[in-house]
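Single-structure report; data block below.
The values are calculated or read from the model by the stated rules, or taken from the named source; none is laboratory data. The structure displayed is predicted, hence computed values, not measured ones. Quick reminder, even Gly has a Cβ in these numbers, built from the backbone with ideal geometry, and neighbours come from all protein chains shown.
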């Protein structure tokens, strides 16, 4: 049994969970390649004009997997409870994919998370296992193995990041961006690489103790509805004292980010913030100008602070 | 022979250059249109500078480039500093106005705000990749009104009642402007309204959340427009300083950076006789199909860029 997983969108958030689960069930995983120009092009062809770059890319990845596997995994996530919603793109993903590719013999494996209708992650994975004709015991075991693996990896990532945060002599830049943007080869990687070329240490907002982050976010905005944005907002609070600058990176025209980033710029004080909005355009001179000048500023600022400390 | 330093700022619309001595005094200056051809513009710029410059008395030992074509022109001129325009402008402006706290800049396609404390840039913001409310916007609206953009400022000053124009998006602004024209708003009111729209758009977008403190220096091509200057001082209730050389400050800044750089290299003004050519090639080594730009000097490849990975890196053969 081959399970196709599009290497886009929620894959970057749940990869350890998904990969371990299917592996434990004895399924083969077919992963679409890192985003390349062809995938972006295919995605744009299938997508609605007005949807965001990330969701266009997602369609490109799904398209790549058609006829290469038995099932394609397309989860649907509506909410994690009252006041805990996600972008409607994730709620619509299943239907959008099923409709867009309806003439192309696509077989979707889906799971549904909708806490307000009592559809929890555990239930969702049980149903998914059943669809694959696995026994109940096997599915439960695979799910808990997957949860354990996810936890282990998260802690490992967190530990690595804590080490980076301790490095005081270098410039540290916090990138606040959804996992599917920052880890994407086409969208986020050029930015990360360019910042590294400018000798910056990258702190990733997506890597944070999630519960703690959400608690912090609540203090900044008690009514913010989007769960994934809450995690990122809280990460700013957790890391802001240890970094030299903050880069907000989102894909055009992301709805939740457009509102949340606006709030961040107004409310987070004391650290230079750069707001980067990425689209399909490929000329990167504009992007480089913004990043280079941003790094110049935080470098100068750090030097001045260091000098003052030396004097006193 | 005294030492001198060259700064070149190649923007989307105009190309600027200065030569300074060791005291930052401007020895030669030039300003011309880029006309979509940065290589040609730089060549014309260099020959114009060469004419004004006493080559017997001074020797250019450092070159800096800035502006959106800084990389290409940096390669061509063999620059020892290639710096983004935000840093260059901040340095140029603070060299003339050490007290400055806020720099407004509106150029052909970019707009930025730079906040300075004690002579050091502490914060800045730049427009997102959309060019709404920049010089390009004013130029295209001028065309629609049958005016030269240079006539804009004086005409705007004649208005007592600027028309409200939505300037959040250039396309929307254009339809708004057409409607206002058709229902009989006076031309000077519309022009003044456009200047005001540029200012409110700028302050709401680029300037949002920033504490604007005086002294304020306004620069970039749009700072030549007296209507926009007036709109800025109306809204901020502060005096707006515009240097007579405001268009040259980026070039000045990068010339100063070249001066501060330790490495020195003699610059040859004869680039007019050298054939520079760029060629785009598509790297077919992976699905990305990157467009790689190669720069040739008299037929020899001297630099290339645009590849997303090492596969597309083009080796540069040492020229003998």
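Taking into account only those residues within the range B:88-131 that are in a loop (DSSP other than H, G, I, E, B), surrounded by fewer than 21 Cβ atoms within 10 Å (Cβ to Cβ) and within 14 Å of chain A (Cβ to nearest Cβ), which is modelled with the lowest pLDDT?
Of the residues in the range B:88-131, the ones in a loop (DSSP other than H, G, I, E, B) are B:97-101, B:107-110, B:118-119, B:127-131.
Those still in the list that are surrounded by fewer than 21 Cβ atoms within 10 Å (Cβ to Cβ) too: B:97-101, B:109, B:118-119, B:128-131.
Next cut, within 14 Å of chain A (Cβ to nearest Cβ) only: B:109, B:118-119, B:128-131.
Working: B:109: 80, B:118: 77, B:119: 75, B:128: 71, B:129: 60, B:130: 66, B:131: 65.
Step by step, filter the range B:88-131, then rank; the result is B:129.
Would you check which residues across the range B:215-242 are assigned to a strand (DSSP E or B) and under 19 Å from the mean Cα position of the chain (by Cα) and list them? Once the filter is applied, which keeps residues that are assigned to a strand (DSSP E or B) and under 19 Å from the mean Cα position of the chain (by Cα), the range B:215-242 yields B:216, B:217, B:218, B:219, B:241. From the list B:240, B:292, B:271, the one residue that fits, being farther than 27 Å from residue B:42 by Cα and touching a helix residue (DSSP H, G or I) at 6+ places or on another chain (Cβ under 7 Å), is B:240. Has the range B:277-289 got at least one residue that is under 16 Å from residue B:76 (Cα atoms) and in contact with a helix residue (DSSP H, G or I) (Cβ under 6 Å, 6 or more places away or on another chain)? Within the range B:277-289, none of the residues are under 16 Å from residue B:76 (Cα atoms) and in contact with a helix residue (DSSP H, G or I) (Cβ under 6 Å, 6 or more places away or on another chain).
Being buried (at least 21 other Cβ atoms within 10 Å of the Cβ), more than 30 Å from residue A:301 (Cβ to Cβ), touching a helix residue (DSSP H, G or I) at 6+ places or on another chain (Cβ under 6 Å) and more than 14 Å from every other protein chain (Cβ to nearest Cβ) is the requirement here; does residue B:170 meet it? Write out each step before concluding.
Values: buried (at least 21 other Cβ atoms within 10 Å of the Cβ): no; more than 30 Å from residue A:301 (Cβ to Cβ): yes; touching a helix residue (DSSP H, G or I) at 6+ places or on another chain (Cβ under 6 Å): yes; more than 14 Å from every other protein chain (Cβ to nearest Cβ): yes.
Judged against the criteria, residue B:170 is not a match.
On the stretch given as the range B:266-287, residues that are at pLDDT below 85, surrounded by 14 or more Cβ atoms within 10 Å (Cβ to Cβ) and within 26 Å of the chain's Cα centre (by Cα) total 2. Between B:159, B:175, the distinction of being away from chain A (no Cβ under 14 Å) and surrounded by fewer than 16 Cβ atoms within 10 Å (Cβ to Cβ) belongs to B:175 only. For the range B:69-87, filtered to residues that are in contact with a helix residue (DSSP H, G or I) (Cβ under 7 Å, 6 or more places away or on another chain), in a loop (DSSP other than H, G, I, E, B) and surrounded by fewer than 24 Cβ atoms within 10 Å (Cβ to Cβ), the residue that is nearest to the other protein chains (Cβ to nearest Cβ) is B:69.
Looking only at residues in the range A:263-286 that are part of a helix (DSSP H, G or I) and facing chain B (nearest Cβ under 8 Å), which one is farthest from residue A:196 (Cα to Cα)?
To start, the set of residues in the range A:263-286 that are part of a helix (DSSP H, G or I) comprises A:263-267, A:285-286.
Keeping just the survivors that are facing chain B (nearest Cβ under 8 Å) gives A:265-266, A:285-286.
Values: A:265: 24, A:266: 27, A:285: 17, A:286: 18 Å.
Among them, the one singled out is A:266.
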